[in-house]
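First up is the structure itself, then whatever we jot down about it.
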Amino acid sequence: MVMRSVISAMVCVWAMDTPALGHAASPAERLRDNLLEIGRGSNFVYAASTGSVDWKPEGTVGFGAKTGVSPLLYFVEFRDIAGTWLRPEEYAVNRKNLAAFARREYAERHAVPMVTWHLNNPYVPPRWRDSNWNANAAFRYRHGVDGYPENHRFVLREIVDGSGAACGRGRIDGTGDMTFPNPRAWYEWCLKEAAAFCRTLKDENGEQIPIVFRPLHECDGDWFWWGAKSATCEDYIAAFRLTVDVLRTELGPSNVLFAYSPDRRWDAAGEVGKSGFLARYPGDEWVDMIGFDDYELGKDYDSPNAPKCAGKTSANVIRRARIVTEVGMARGKICGLFESGVKESVDFFYAEMLKVMTAPGVKFAIAATYDGSWTWPATDIGKVDMNAFLMSDRVITDRSNVDLLK
């Protein structure tokens, strides 16, 4: 795709990621190599989230129709296709629609899905609803929520060691009919359901469409049942490794890339003495990409009702991005800003994102915005700003004449 340049200090690290002689690189391996190369350059891939909108079969306007360009990486939500919170027939319809969308995007531009999975808690009771979120937020059922069973605070630990109690009956409509003996059995079943779907994603030649998977993301926060107040660092690392091992077994070791993606609150990531970006890092063997989610980008906390300048918060994001760049270069990993968003931000969010991604010392291959109002500016100024970002020569989309799989 692009001429391979070699940085002498990194030869040994990158050489470990090179396919052995005689081994035909899989699409996922080619994607990894190309993203590593992009990260060493001055441009980056913009990854837009489609949520569930673009892959509904009719009545919607997709990202490309709105902007005139389409992303080569796009986020999809596995909450809608695997788990025990929705009815089986709902999951089936969503899987069918998402598969059709993914195959079309791959056929047209080699666009690759990046998976976020807001998986429901195995102990969530039927019809549960978080007063601050919609009824489909069963992933928010966790330690600290009213009525949550304290003896099941550490669900990731139960998944890893096979302890815990019968679970999996909670469903949004109250009709749950499945019971698993413990969270480990439940979690492995969910992973295999997700893997079964991924195996259906093949191109017209029967070659597997690669997947980028971000398991158990934003682990340093306390808003998910796999977060910092519900899992020790050791719990999290073991659960991440289990996730990768199961999916590699189900999908083949070279068809999926895995991303370690905490939020920006690294110093609150765990126990005393274990804070920082790598506090919950599962290890190089289980990770292909590293990065973080950061919704501070573009915000102006000094003047939130009449935003004027987001320079202070963007400087914080740049500082974090430089730390991740240093870690990634040392470990030969792809680096990225995996979630951010324009909601409640200044009109020039995308200008701030471009500033971060092109700052000295930042070598990120990917920058992403999340779904809905996190991607789409609400003002005319913001829409002009987004269009200028998408037209920048530094931003790789389908207009850039780049094939991430070549």
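Residues in region 367-406, backbone N under 14 Å from the label point at E207 (7 Å along the Cα-to-beta-carbon vector): list them, ranges by number please. Counting backbone N atoms under 14 Å from the label point, the list is 403-406.
log10 I(q)/I(0), Debye, Cα-only region 56-125, no solvent, q = 0.15, 0.16, 0.17, 0.25 Å⁻¹? With one equal scatterer per Cα and no solvent, log10 I(q)/I(0) is -0.57, -0.64, -0.71, -1.20.
Counting only Cα atoms, the size of the chain along its three principal axes is 60, 53, 52 Å, in decreasing order. Just checking the listed ones, D263, D33, D203: in the Gaussian network model of the chain with Cα springs under 10 Å, the one fluctuating most is D203. Compactness ratio for region 194-344: Cα radius of gyration over 2.2 N^0.38 Å (N = residue count) comes to 1.17. Based on the convex hull around the alpha carbon atoms, region 320-406 presents an average projected area of 6.4 nm². Could you please state, rounded to a whole Å, how far the C-alpha centre of region 188-247 is from the C-alpha centre of region 112-131? For region 188-247 versus region 112-131, the Cα centre distance is 13 Å. Counting only DSSP H runs of at least 4 residues, each contributing -39500 (n - 2.57), and dividing by the residue count of the chain, the helix-based mean residue ellipticity at 222 nm comes to -10000 deg cm²/dmol. Here the gap between E344 and M178, fully extended at 0.36 nm per residue and compared with their Cα-Cα distance, gives a gain of 55.7 nm.
Per residue, what accessible area does region 193-343 have, given a 1.4 Å probe and all protein chains present, in Å²?
36
Taking springs between alpha-carbon atoms closer than 10 angstrom, which of Y46, Y301, Y187 fluctuates most in the Gaussian network model of the chain? Largest GNM mean-square fluctuation: Y301. With Cβ to Cβ distances under 12 Å as the rule, what net charge do the other residues near D177 carry (K, R +1; D, E -1)? Overall, the nearby charge balance is +2. As a fraction of the 1.4 Å probe accessible area of the chain, surface on carbon and sulfur atoms comes out at 52 percent. Springs join every pair of Cα atoms under 10 Å in this Gaussian network model of the chain, and among R40, R87, R32 the largest mean-square fluctuation is at R87. Stick to Cα atoms and the Kirkwood definition of Rh, then tell me Rg/Rh for region 149-266. Dividing the radius of gyration by the Kirkwood radius yields 1.00. Greater than 21 Å separation of Cα atoms is the criterion. Which listed pairs, K66/K363; K66/K333; K202/K363; K355/K383, meet it? Pairs exceeding 21 Å: K66/K363; K66/K333; K202/K363.
The values are calculated or read from the model by the stated rules, or taken from the named source; none is laboratory data. Since this is a predicted model, take the numbers as computed values, not measurements. Methodologically, a virtual Cβ is constructed for each residue, glycine included, from the backbone with ideal geometry; neighbour enumeration extends over all protein chains shown. Surface areas here come from the heavy atoms of the whole protein model, side chains and all, with no ligands, DNA or RNA. Shrake-Rupley method; radii C 1.70, N 1.55, O 1.52, S 1.80 Å.
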